[in-house]
1. Within 10 Å of each residue's Cβ, count the other Cβ atoms and sort S254, S274 from fewest upward.
2. Amide H of V62: which non-local residues (sequence gap of 5 or more, or other chain) have their own amide H closer than 5 Å, using H built in the peptide plane?
3. Can you tell me the length gained on complete extension of the stretch V286 to A127, counting 0.36 nm per residue apart and subtracting the Cα distance?
4. Please give me the summed charge of the neighbours of E237: other residues whose Cβ is under 10 Å from its Cβ, Lys and Arg +1, Asp and Glu -1.
5. Each residue of the stretch 267-284 in order: what ³J(HN,Hα) in whole Hz does its phi give by Karplus 6.51 cos²θ - 1.76 cosθ + 1.60, θ = phi - 60°, with x for Gly and Pro?
6. Can you grab the distance from the C-alpha centre of the stretch 238-307 to the C-alpha centre of the stretch 25-42, Å, no decimals?
7. Please give the net charge around A285, taking every other residue with its beta carbon less than 12 angstrom from that of A285, where Lys and Arg add +1 and Asp and Glu add -1.
8. Taking the number of other C-beta atoms within 10 Å as the exposure measure, put I7, I246 in order starting with the fewest.
Amino acid sequence: MVERYNIILHSHVELDHLLLESPEGNVSRAMQWLNTSYSVWFNVKYDYVGALFQDRFKSIPVDCEGSWAFECAMYIHLNPVRIKALGLGKDDRSREKAGMLPEAPKPELVLKRLETLRKHRWSSYPAYAGYVEKPEWLHCDELWRRGCVHKEDNPVKEYREWLEDYLKQGVEEKRFSKMTASVAIGSVAFIAKLRKEILQDSGTKSNRRIWKRLLSFEEVVRVVENVKGESWDDFRERRGDSGRDIVLSIARSSCGLTLRELGKRADMSLDAVSKAASRVNRRMAVDKELKKLYDLSVLKLEETVRK
């Protein structure tokens, strides 16, 4: 794949994650070829029939500035030890995210984690850490340059110490927790810019609703509250007030929420939400003050996203 599609492969743990760069913008074609080729090889080798992968691969853009890619590589390399048998399963990590810090791992458990990390055959970590010779198709220099700045004469040693110290002390899950369900990884400015580009591209087919969900219903409420100079609780049930309808209309188009989800947040039935969101659009055609309030709310919301 690297040679055929001019892909720069920075790190990997098969078959979980690949951190790759595509100068020609052909990630979809490269991954389709990889999945198909691997499936054919696997089926022939193990006399298996049928589809090997259930779903299409998921791609997550990563900010090329700063240390984001370096931290992604560390997150990927920790995958082999992020299992229940080594005390780092989903339940363990969920408790840690909630602030319930685990007891210090026993020495034998730490040694088992380190052994698993160092000897995992289907990972680029052994090459990064100097345990095996780096294959020609693996590009390590860029991440070494970005993250291993304190010992420039020996980035292999520094990277090894970075990751293995995490395991010796207990993996600091909070540092990586946002990556598990991300649609993009990077700075606020990077994600806001990417979100705007994706939502403006009418031809984009991938996870538009997820990108919309990066803007929360609560953010819409806060903006309309500021524009109106009143709290949501004061105007949401007021007879003849369009504030609630403005919130629902903007949230419907900007938050990626279903009518049912909007109803739960506004304590309304599905039918009532649908009528309210449609009603404000009809009224704006004849009510200039209402349209001004709506447009100002949208403008303030866009400013919030850009910040």
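1. S274, S254
2. Close amide H contacts, sequence-distant or interchain: I185.
3. Working: separation 159, 0.36 × 159 = 57.24 nm, distance 6.68 nm.
Length gained, V286 through A127: 50.6 nm.
4. That sum, taken over residues with Cβ under 10 Å, equals 0.
5. Working through the residues one at a time gives 6, 9, 6, 4, 5, 5, 5, 4, 5, 5, 5, 6, 4, 5, 5, 5, 5, 5 Hz.
6. Using only Cα atoms, the two centres lie 43 Å from each other.
7. Once positives and negatives cancel, what remains is +4.
8. Lowest to highest Cβ neighbour count: I7, I246.
The numbers here are math on the coordinates, done by the rules we state, and not lab data. Keep in mind that this is a model prediction, so the values were computed, not measured. With ideal geometry, Cβ positions are generated from the backbone for all residues, glycine too; neighbour counts draw on all protein chains shown.
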